[in-house]
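Read-outs: derived from the displayed coordinates by stated rules, not from any lab. The model shown is predicted, which means the values in this text are computed figures rather than measured ones. Note that each Cβ is placed from the backbone with ideal geometry, even for glycine, and that neighbours are counted across all protein chains shown.
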There are 2 protein chains.
Amino acid sequence: MLTNISVRDALAIVLDCVHPLPTERVPLLQSLGRTLAEDVYADINVPPFPCAAVDGYAVIAADVAGASSGQPAVLQVIEEISAGAHPTRPLRPGTAARIYTGAPVPEGADAVVMQEVTARGDEGRVQVFEPIEVGRNLRPAGEDVRAGELVMERGTWIRPAEMGMLAACGVAEPLVARQPRVLLISTGDEIKDVSEPLAPGQIRDSNTYALAGLILKYGGVVHAAHKAVDRVDDLLRIFQRHAGEVDAIVSSGGVSVGDYDLVQDVLQQVGAVKFWKVTQRPGGPVLFGTMGKIPVFGLPGYPVSCMVGFELYVRPALLKMQGRRALRKMEVVARVDQDLKATKGKTDFVRVWVALRDGAWVARVAGKQVSGRLSTMIRSNGLLVIPEDVTQVKAGQMWKVQMLDDPEVEGDPLGLIEPLG
Amino acid sequence: MLTNISVRDALAIVLDCVHPLPTERVPLLQSLGRTLAEDVYADINVPPFPCAAVDGYAVIAADVAGASSGQPAVLQVIEEISAGAHPTRPLRPGTAARIYTGAPVPEGADAVVMQEVTARGDEGRVQVFEPIEVGRNLRPAGEDVRAGELVMERGTWIRPAEMGMLAACGVAEPLVARQPRVLLISTGDEIKDVSEPLAPGQIRDSNTYALAGLILKYGGVVHAAHKAVDRVDDLLRIFQRHAGEVDAIVSSGGVSVGDYDLVQDVLQQVGAVKFWKVTQRPGGPVLFGTMGKIPVFGLPGYPVSCMVGFELYVRPALLKMQGRRALRKMEVVARVDQDLKATKGKTDFVRVWVALRDGAWVARVAGKQVSGRLSTMIRSNGLLVIPEDVTQVKAGQMWKVQMLDDPEVEGDPLGLIEPLG
């Protein structure tokens, strides 16, 4: 068992112990946020056939070469092709087909003139008032993707655009990694659920809810939540009961230096402790180990330490289990709004609210940085990272901030298209 | 009806027509991503009582004033207080109480010495090797939030930290805005679902899936999805059937200039068209109107135009319905990787992939910017915004990018604590 290791070393150990989960197929409408577990190739050309990009007339460009408003080209309209229909006759010189956006262009046509530059004449004729270049307003087959093309690689995060593209490629049930099932345990005789009355000496359990939110946010599911587990044999039984059902165990509390430690005791009996304590603040007293193939995270009981420990170690583990390629959090570089003291030999994560002011990111420190103050987390959208060897940060300096959520963009939503200042 | 209006004017009209939805209470575990519809006050102090911040001994600081490793203070341990227990005796000079993190400190104690600077002696005595300042390692009642304090305002987006804080404040079922129920309609005889075979002239429907993803992403629910609706009377019936059940209608296709326009015809019969066409690319042919109080968005059929139209107009509408305060998308300023031509008199939204390179944001243009190429959207995480009066962008210039998703942060996840370069 390693102890007092660096954040970097701790994360490397965690990632070394977690592996992609088995896969499953899900209906496309339920695939948002999942991660592709297979490469996806286009089964057909998209679009499948050359089609009109506008409403107008399919023509042979050479037929309208000299057209002008004074001397329009006059063509015989041989058919009308709606989207979804199929052209029945090829174009020959001197002919055109009325066509609508998305409809297949007939054989022989090499451009589509927009209806705005035409006028319908007598006896099925159309006047065209402008010349057109070959290929204009005509989407070739495979313009978007070509049949057989690798369109999305495994490890791709499924966003709305990927959902659309999966439909276009004929994938009605994408193969994705299973969602990690997480067993959630909070320790401490003193904690009570929000739905229960509080006796003297008791406090409400906030960690279970914050951790459940984090698990959902990063693509996991809460398999079960056990609360106020405070005896080694109870904890042992819970671990063993769920061992075959879950992909990760996350506990909060019960990892301090006192007589009431729990997770470490249990892990020493039925698993292996990999490290205990990381040189970081907050969230230093974090325990990590494994029970069989299941990673076990013993997070500290303080709400801030618990959440920071989750963001640093559980989040990348859950993403790796889902097969995600990008594990790193988004970062911005922001101007710090006040002097800060940091701990020599520890990586400090200072809760800040990042916002855009006069075109630059500013990090406002979210109040007194005490691990028990969950209120600092609701006033934060990022963690300002101060490396181990730095002990002082000065107001006005630029520092790297790991974002927990999107930075807030000030100003009215209409401002979003203002020219760059 | 207004036509050819600016993005800014169009968005102002949309926001003017949408209003916060009625509210509902949801179980706390299901509240992630919802928006608070009430101010939340703390019902008790958090923590509710003064408690130990570490494992150790509750003491009277004056008793250990002169303590050192050579001359420890010796105190009588009168009681042991676990978390969840209740102290039964006040401390008097010369006494201490064994105490664990989170346990209530006894009356009279004004500091907690860490067990690491103590040694247990004979006959229930403890040696303390260091002096301590008053208040040290002791969390006062209300350190996090005070009873009666306004902790979260209505309009707050519920993230994991807010879930934890709602639990701490005794809110088991927060009051939130209802999720917007969206009726989704795709028009076009030529479109087929991914589950159906394709006949000649037909294409697969990608818009329904991309739009469903966007609706879910921004907190809505797909109430119903009707496909390939291509007759005015069918569309009219669908509008009327769902009128009392939905909060918004989003259609794609059927808003071009051709003979087959649909949404506009229906809206002119049963509602009001507010604007038609915005001076933007892509996504210019967008129709907006209302049927009673329901906003109706007629998006273009091209997949890119459709998604960009959604991001610009439907997204802020859905967020406003949910009572969200921040409607503006996150923006970064990024260096453009190639020359770009833009349309005079139109706001251009260029699909780009934003990534961090050598500490700066770079926007890589996601291939040929054709509205039918959904593949440009899967290669994008942002829209580079080129205002109406600009016609050229040069490689190397810095431009504002509206992020669709988090920018990609290159490099291994362990890099996240590297000192600022």
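The table below gives the values:
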read-out	value
Using a Förster distance of 25 Å, the FRET efficiency for A:Ala12-A:Lys293 (Cβ separation, nearest 0.05)	0.85
Mean Cα-pair separation over length for chain A, i.e. relative contact order, pairs under 8 Å, 6 or more apart, %	16
Potential lengthening between A:Glu130 and A:Gln397 on full extension [0.36 nm per residue; Cα-Cα distance subtracted]	90.0 nm
Alpha-carbon Rg with Dmax, taken over segment B:51-139, Å	11.3, 35
Cα point-scatterer Debye curve for segment B:257-315, base-10 log of I(q)/I(0) at q = 0.29 Å⁻¹	-1.24
Bins of 20 Å from zero: percent of alpha-carbon pairs in chain A	21, 37, 23, 16, 3
Neighbour-count order for A:Trp361, B:Trp399, fewest beta carbons within 10 angstrom listed first	A:Trp361, B:Trp399
Exposed-site-free run, longest, chain A (rule: trypsin sites (Lys or Arg not before Pro); DSSP loop; at most 12 other C-beta within 10 Å)	A:1-230
Ratio of the Cα radius of gyration of segment B:331-417 to 2.2 N^0.38 Å, where N counts its residues	1.10
Computed [θ] at 222 nm, helices only, for chain A once each DSSP H run of length n ≥ 4 contributes -39500 (n - 2.57)	-4500 deg cm²/dmol
Proximal charge balance of A:Ala224 [Cβ under 12 Å; K/R count +1, D/E count -1]	+2
Calculated FRET value between B:Ala272 and B:Glu107, using beta carbons and R₀ = 60 Å, to 0.05	0.30
Cα→Cβ-extended label distance, 7 Å offset, between B:Glu24 and A:Ala224, nm	3.0
GluC sites (Glu not before Pro) within segment B:94-157, DSSP loop, no more than 16 other Cβ atoms inside 10 Å	B:Glu107, B:Glu123, B:Glu133, B:Glu149, B:Glu153
Cβ-derived FRET efficiency at R0 51 Å, B:Ala147 paired with B:Asp358, nearest 0.05	0.50
Overall dimensions of segment B:1-156 by Cα: Rg and Dmax, Å	26.2, 90
Inter-copy separations for B:Leu198, label at 7 Å along Cα-Cβ, nm, ascending	6.1
Three semi-axes of the equivalent ellipsoid, the protein assembly as shown, Cα gyration tensor, whole Å, largest first	61, 25, 25
Copy-to-copy label separations for A:Lys341, where each label sits 7 Å from Cα toward Cβ, in nm and ascending	6.3
Residue-count net charge about B:Gln397 - beta-carbon cut-off 12 Å; Lys, Arg +1, Asp, Glu -1	+1
Footprinting exposure proxy for A:Ile99, A:Ile60 (fewest neighbouring C-beta atoms within 10 Å first)	A:Ile60, A:Ile99
Relative contact order computed over segment B:51-139 (Cα-Cα under 8 Å; 6+ residues apart), in percent	42
Whole-angstrom Cα spans of segment B:108-228 along principal axes, big to small	93, 33, 22
